Amino acid sequence: MPVKILADSACDLPKDFYAEQNVTLFPLKVQVNGQEYEDVKTIDPKTVYDAIRGGDVPKTSQVSPLLFEEVFTKMAENNEDGIYIAFSSALSGTYQTSVMILDQVKEKYPNFNLSIVDTKCASLGFGLVVKEAARLAAENVSKEEILKDVLFRSQHMEHLFTVEDLDYLAKGGRVSKASAFLGGLLNIKPILNVEEGKLVPIEKIRGKKKVYRRIIEIMNERGDNFKDQIVGISHADTIETALEVKALIEGELNPKEVYISSIGSAVGAHTGPGTISIFFLNKLPS
């Protein structure tokens, strides 16, 4: 049997991807206006962004431990081999919970062959890792080779983010309220990346157009052989900007492909509407 690929919803791949590519989805939870939803399954990102614009502060929580137990147990009973590709452990407790549940399931099914990978990635950076794993699994590539690819891409995936409003990051504790206030007054846009699985500000640029030009420069500095790789762009209810950035990237770097998706409800609850994120590899698999 092909290796089973599992992923949680923080990979920000579209809803139809999971059924089409035979990937098991573990949805994170999102609380909006006092109601709890399952990311991807029972809420769409625009609902979250509209709620944020209306003054709500959505909250998120990790994947249900009971769901992990149910899926892992069924796989063990069916003698299925699998790889669960997980959201960064620095941003969610989901990875740690899945490891704990796997240990419990293996007490009853000691031969259960499931590997869990902490990607240290987020959003579509995480999603590009999942996409390639699903492609390899569909081609009946061995578990060892898929795992090798997942680990490589996780270690070499670059994340560059810029947000529309620093207030959203301030509410999530990512920047100080004073910085957010001054940033709004001065039209300062931050560029952030992911280091060791955490979101870290690296530069502040005045003006939106200058931000995207600087992001292209950073891509040139860090990226490797764009003509042979897929660049990812995820956006928070701002497809027009995503298409503009896509055109810039294609004009400057000529990548193999630019793949666009929406930032999902769980990740978007923290970044807020207007966020643009770019993902690429700093080294290609040999």
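The values are calculated or read from the model by the stated rules, or taken from the named source; none is laboratory data. Note that the structure is predicted; figures quoted are calculated from it, not measured. All Cβ positions, glycine included, derive from the backbone under ideal geometry; neighbour counts span all protein chains shown. To get the accessible areas, we keep the full protein, side chains included, count just its heavy atoms, and leave off ligands, DNA and RNA. Shrake-Rupley method; radii C 1.70, N 1.55, O 1.52, S 1.80 Å.
Meeting the requirement of 3 or more residues that are open to solvent by less than 80 Å² (accessible area, probe 1.4 Å), the strands (runs of 3 or more DSSP E) wholly within the stretch 29-118 are 29-32, 82-86, 114-118. Of the residues making up the stretch 120-142, just one is touching a Gly at 6+ places or on another chain (Cβ under 8 Å) and more than 20 Å from residue 45 (Cβ to Cβ), namely 120. Residues of the stretch 188-212 that are surrounded by fewer than 13 Cβ atoms within 10 Å (Cβ to Cβ), among the basic types (Lys, Arg) and either at pLDDT 85 or above or touching a Lys or Arg at 6+ places or on another chain (Cβ under 9 Å) (or both): 206, 210. Return the residue satisfying two criteria in turn: it lies in the stretch 1-28 and is open to solvent by 70 Å² or more (accessible area, probe 1.4 Å) and in contact (Cβ under 8 Å) with a residue 12 or more places away in the chain, and of such residues it is nearest to residue 270 (Cα to Cα). For the stretch 1-28, the residue satisfying everything is 15. Contact map, the stretch 221-244: first residue in the same structural domain as residue 272 (by the TED database) and surrounded by fewer than 18 Cβ atoms within 10 Å (Cβ to Cβ), second residue in a helix (DSSP H, G or I) and of a type in the set (S, T, N, Q), Cβ cut-off under 8 Å, separation 6 or more or different chains; the map is empty. Contact map, the stretch 260-273: first residue in contact (Cβ under 8 Å) with a residue 60 or more places away in the chain and open to solvent by less than 20 Å² (accessible area, probe 1.4 Å), second residue in a loop (DSSP other than H, G, I, E, B) and basic (Lys, Arg), Cβ cut-off under 9 Å, separation 6 or more or different chains; pairs are 271/174.
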